[in-house]
1. Among (1) under 22 Å from Leu72 (Cβ atoms); (2) exposed (fewer than 14 other Cβ atoms within 10 Å of the Cβ); (3) of a type outside the set (D, E, K, R), where does Trp145 come up short?
2. Hey, could you check region 63-82 for residues that are in contact with a Gly (Cβ under 8 Å, 6 or more places away or on another chain) and in a helix (DSSP H, G or I) and say which is surrounded by the fewest Cβ atoms within 10 Å (Cβ to Cβ)?
3. With the requirement that a residue be part of a strand (DSSP E or B) and either free of Cβ contacts under 8 Å to residues at least 24 places away in the same chain or among the aromatic types (Phe, Trp, Tyr) (or both), what does region 136-184 give you?
4. Restricting region 54-87 to residues that are free of Cβ contacts under 8 Å to residues at least 40 places away in the same chain and under 21 Å from Thr154 (Cα atoms), which is nearest to the chain's Cα centre (by Cα)?
5. From Ala60, Ala89, grab the single residue that is out of contact with any Phe, Trp or Tyr (no Cβ under 8 Å at 6 or more places or on another chain), surrounded by 22 or more Cβ atoms within 10 Å (Cβ to Cβ) and outside any strand (DSSP E or B).
6. Enumerate the pairs (first residue in region 36-53 and surrounded by 10 or more Cβ atoms within 10 Å (Cβ to Cβ); second residue anywhere and part of a loop (DSSP other than H, G, I, E, B)) with beta-carbon separation below 6 Å, excluding pairs fewer than 6 apart on the same chain, so at least 6 apart or on different chains.
7. Kindly check whether there is at least one residue in region 35-47 that is hydrophobic (A, V, I, L, M, F, W, C), within 22 Å of Pro104 (Cβ to Cβ) and in a loop (DSSP other than H, G, I, E, B).
8. Condition (residue is under 14 Å from Val180 (Cβ atoms) and modelled with pLDDT of 95 or more) applied to region 34-57: is it met by at least one residue?
Amino acid sequence: MTQLLLFPGAGSASTHASLVAIAAAVAPMVCVREDFPYRKAGRRAPDRAPVLLDAVRAAAEPMLAADSRLVLGGRSMGGRMCSLAVGDAAAPLPAVGLVLICYPLHPPGKPESLRVEHFPRLHVPCLFISGTKDAFGTPAELQQWTATIPGPVTHEWMDGKGHDLKGCDARIAALVADWVAALG
């Protein structure tokens, strides 16, 4: 049985409209939408990466214990943390796929500060959904760096959209549902 675990971006919660739409689109598949510790504590500033990665592992553990095939992902920072957990050199989190919505390739205006060091260790299928006007990475930049991922990579572009992908929730949900179903 395949299950889906999703995390929100730094500035939102698991109640984000696109995550809710994805959960509805993949039903009856189990889809857990999880918040990071800082959000659960009512804080706005994200925890450091080790705390965020521990939260991903902790949320994934019971799902993996249920002998399920796990697909991980989320929006922006949430997806990035999931990809880091799967691409961990010492102890990669077992997953059958990654759903990366608005992957933050680099901070806006800082294309030299790439967040791709783990890409060559991603051996699972990856779905990247991004806006063509995302300040966190252009389509050309994203395609350049995702070419370093050994696993199969699928790109879906939201034409004219920025990092928030405003108004695209239904399309995002349908794309994720179809992609996850095709994993088998």
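The values are calculated or read from the model by the stated rules, or taken from the named source; none is laboratory data. Please read these numbers as outputs of a predicted model, since none were measured by experiment. Note: ideal-geometry Cβ built from the backbone for every residue, glycine included; neighbour counts use all protein chains shown.
1. Only one criterion is unmet by Trp145, namely (2).
2. Met77
3. Of everything in region 136-184, just one residue is part of a strand (DSSP E or B) and either free of Cβ contacts under 8 Å to residues at least 24 places away in the same chain or among the aromatic types (Phe, Trp, Tyr) (or both), namely Trp157.
4. The extreme case among them is Arg80.
5. None of the other options fit; the residue is Ala60.
6. Matching pairs, first to second residue: Pro37/Asp47; Tyr38/Pro46; Tyr38/Asp47; Arg39/Ala13; Pro46/Ala10; Leu52/Phe36.
7. There is at least one residue in region 35-47 that is hydrophobic (A, V, I, L, M, F, W, C), within 22 Å of Pro104 (Cβ to Cβ) and in a loop (DSSP other than H, G, I, E, B).
8. No: region 34-57 contains no residue that is under 14 Å from Val180 (Cβ atoms) and modelled with pLDDT of 95 or more.
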